[in-house]
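Notes for the one structure printed next.
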Amino acid sequence: MSINKVAVLGCGLMGAGIAQVCAQAGREVTVIEVSDEFLSKGMSGIERQLGKMVERGKLDAGSQAETMKRLHGSTRLEDAAEVDLVIEAIIENIEEKNKTYSRLDRVCHPETIFASNTSSLSITQMMTATGQERQRRFIGMHFFNPVPVMKLVEIVRTILTDAEVFNTATEFAREIGKVPVQTSDRTGFIVNRLLVPYMLDSIRALEEGVASIVDIDNAMKLGCGHPMGPFTLGDFVGLDTTYYIANIMFDEFKEKRFAPPPLLKRMVLAGLYGRKSGRGFYDYSDPQNPKPMNLL
């Protein structure tokens, strides 16, 4: 089957990015939000991002206009009724997701594929909110932030996902300019399964006095060729997000390597979330010259 019409649930940072790349790739996209306020904010953000691309010479004005014409905003789930693919990018809360999927299952036609952009929650658990036939057409499509820039998409299958659906989603990711990797529904998928323990080990090394924040960051940048060190990365991702994902993974696997270190817990409790809160492992009072925090 081909995917020509897409609905994206949520127009926050991730949802807006997903909607943008789908529309740029020639798909008709319906973006659904819970309120006109959130919808307007998200759609304006997409228009700004496209405008920046025009300014940088990465997109011409005609393509920008055509992309915006393919984007349609709504606050009604019913407007997803006739799409080929629904990509959900709402709050990372399993109860809210399941309520949404239960409603969508009654709204959408039987052939519609359901996909969640979750980074850590169980696709199988979400799938159970729908009927048996829909469960065969349920997958994960985990995009990375910022979506218009990051090439990777993790395509996640459950033990019930139909092979044709899995392959259709994989090909669709290629068609919108992404590089898909296929994986199974195990907590963390590929990237977080490997990345989160690395980030947590970095915090343990700091706690144990192995080296300073700056020296650990520099060691991993210059010694391993990483674009940024683990503490800079943690501040970029959000330490509250890292803590949340780590707890989910520890609950699943009960392995020490997934357990959040005490320092991370204390930082989250103190509101030190990273760049978005202005302080994390670094103080971003001067964003161009962040200073390491004294945390121990």
Quick one: if you stick a label point 7 Å off each Cα along the C-beta vector at Leu222 and Ser2, how many nm between them?
5.3 nm
Picking from Cys11, Cys224, Cys22, which is most flexible by a Gaussian network model of the chain using Cα springs under 10 Å?
Cys224
With just the Cα atoms defining each centre, how far is segment 139-213 from segment 36-65? Give it in Å.
26 Å
Mind checking the angle between helix 213-224 and the chain's longest principal axis? C-alpha axes, 0 to 90 degrees, to the nearest 10.
60 degrees
Candidates per GluC sites (Glu not before Pro) in segment 134-227, loop by DSSP, up to 11 other Cβ within 10 Å:
Glu208
Linear extension gain, Val107 paired with Asn289, 0.36 nm per residue minus alpha-carbon span
60.5 nm
Trypsin sites (Lys or Arg not before Pro) restricted to DSSP loop in segment 1-67 with at most 11 other C-beta within 10 Å
Arg56, Lys58
Measure up Lys52/Lys97; Lys221/Lys276; Lys69/Lys99 against 28 Å on the Cα-Cα distance and list the ones that go over.
Lys52/Lys97; Lys69/Lys99
When Lys and Arg each count +1 and Asp and Glu each count -1, what net charge do the other residues less than 15 Å away from Gln288, Cβ to Cβ, add up to?
-1
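Values in this text are rule-based calculations from the coordinates and carry no lab data. Note that the coordinates shown come from a computational prediction; the quantities given were computed from them, not determined experimentally. Reconstructed Cβ throughout: ideal geometry from the backbone, glycine too, with neighbour counts over all protein chains shown.
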